[in-house]
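Peer 1: Below: one structure in structure tokens.
The values are calculated or read from the model by the stated rules, or taken from the named source; none is laboratory data. Nothing here was measured: the structure is a model prediction, and the numbers come from that model. Here the Cβ is made from the backbone with ideal geometry for all residues, glycine too, and neighbour counts use every protein chain on show. We work out accessible area using only protein heavy atoms, side chains counted, and drop any ligands, DNA or RNA first. Shrake-Rupley method; radii C 1.70, N 1.55, O 1.52, S 1.80 Å.
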Amino acid sequence: MRAARGVPLAMLARESGVARATLYQLEAGQGNPTLETLFSIASVLRVPLSDLVTDSAPPPVRVLRAGEGTSVQSPGSMSARLIRRFESSRLVLELYELALPAHTRTDAHAHPSGVFEHVLLASGVLRAGGVSSFETLHPGDYVCFRADLPHFYEAPDSDVVGTLIMEYPGPSLS
């Protein structure tokens, strides 16, 4: 994908903050990248995260059992399991199962312009949103916030489980 977009490896490393050696490993199909690494690469390439971790053509009927699917994780903090990717001429949506252990916080860099994150909380208490403007959610609460600014997820006192939808403008973001 990097080569097809004409992005030199050195430029991807510099702009994503991911070491060149790590990028070599990932392009060779080796390594186990963190959620932050994948989001950094996707942001520079201006593609949704799901472009980096899934096949582009899912089968017509798909059942995803608990524990199945592509999971990405940050060491000791947030994990997200990609459930499904939806694409139209106007939007790309990625549906994730979100989990965050108690007493952890994950800080996220800004995604490309026009990206929004939607969270529906199933259990626990979650603080989420922009660094200067965030919300505290309880089970059943929903929040939507701009993700093209620095943002965070925090589980102040209990494990958190919820649904995350990443909303990207247009299928190619370019």
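Peer 1: How do the peptides 154-163, 34-43, 140-149 rank, highest first, by the average count of neighbouring beta carbon atoms within 10 Å per residue?
Peer 2: The packing order, highest mean first, is 34-43, 154-163, 140-149.
Peer 1: Further question: Taking 1 over the mean of 1/r across every pair of different Cα atoms in the range 34-135, what Kirkwood radius in Å do you get?
Peer 2: 15.0 Å
Peer 1: If you don't mind, there's one more thing I want to ask. Starting from the Cα of T70, step 7 Å along the direction of its Cβ; do the same at S88; then give the gap between the two resulting points in nm.
Peer 2: 2.2 nm
Peer 1: About the Cα centre of the chain, what is the dipole size in debye to 20, counting +1 per Lys and Arg Cβ and -1 per Asp and Glu Cβ, all else neutral?
Peer 2: So the magnitude is around 480 debye.
Peer 1: Rank S77, P101, L12 by how far each Cα sits towards the positive end of the charge dipole of the chain (+1 on Lys, Arg Cβ; -1 on Asp, Glu Cβ) and give me just the farthest.
Peer 2: L12
Peer 1: In nanometres, what is the gap between the two model label sites at V161 and R62, each 7 Å from Cα along Cα-to-Cβ?
Peer 2: Those two pseudo-labels are separated by 2.2 nm.
Peer 1: Of the residues L121, L93, L23, which exhibits the maximal mean-square fluctuation in a Gaussian network model of the chain defined by a 10 Å Cα contact cut-off?
Peer 2: Top of the fluctuation ranking is L23.
Peer 1: Under a 5 Å amide H to amide H cut-off, with H placed in plane at 1.01 Å, what residues pair with L91 once short-range neighbours are removed?
Peer 2: Counting only residues 5 or more places away or on other chains, the set is G170.
Peer 1: Also: So what is the 222 nm mean residue ellipticity for the chain from helices alone, if each DSSP H run of at least 4 adds -39500 (n - 2.57) and you divide by all residues, rounding to the nearest 500 deg cm²/dmol?
Peer 2: Calculated from helices alone, the mean residue ellipticity at 222 nm is -4500 deg cm²/dmol.
Peer 1: Between T104 and residues 5 or more places away or on another chain, which pairs have amide H atoms under 5 Å apart, with H built 1.01 Å from N, and which residues are they?
Peer 2: Those lying under 5 Å, H to H, from T104 are A155.
Peer 1: Compute the angle between helix 35-45 and the longest alpha-carbon principal axis of the chain, please, reported from 0 to 90 degrees and rounded to the nearest 10.
Peer 2: Around 50 degrees separate the two axes.
Peer 1: On average, how much accessible surface per residue is there in the chain, in Å², for a 1.4 Å probe, leaving out ligands, DNA and RNA?
Peer 2: Normalised by residue count, the accessible surface of the chain is 53 Å².
Peer 1: A further question follows. Using label points projected 7 Å from each Cα along Cα→Cβ, tell me how many nm separate E27 and A122, to one decimal.
Peer 2: Going from the E27 label point to the A122 one covers 3.8 nm.
Peer 1: Could you please state how large a percent of the accessible area of the range 33-174 is carbon and sulfur, counting protein chains only and using a 1.4 Å probe?
Peer 2: Taking all protein chains in place, the range 33-174 shows 54 percent carbon and sulfur surface.
Peer 1: From the gyration tensor of the Cα coordinates in the range 9-57, what semi-axes in whole Å does the equivalent ellipsoid have, largest first, with each one equal to sqrt(5λ)?
Peer 2: Those come to 17, 13, 9 Å.
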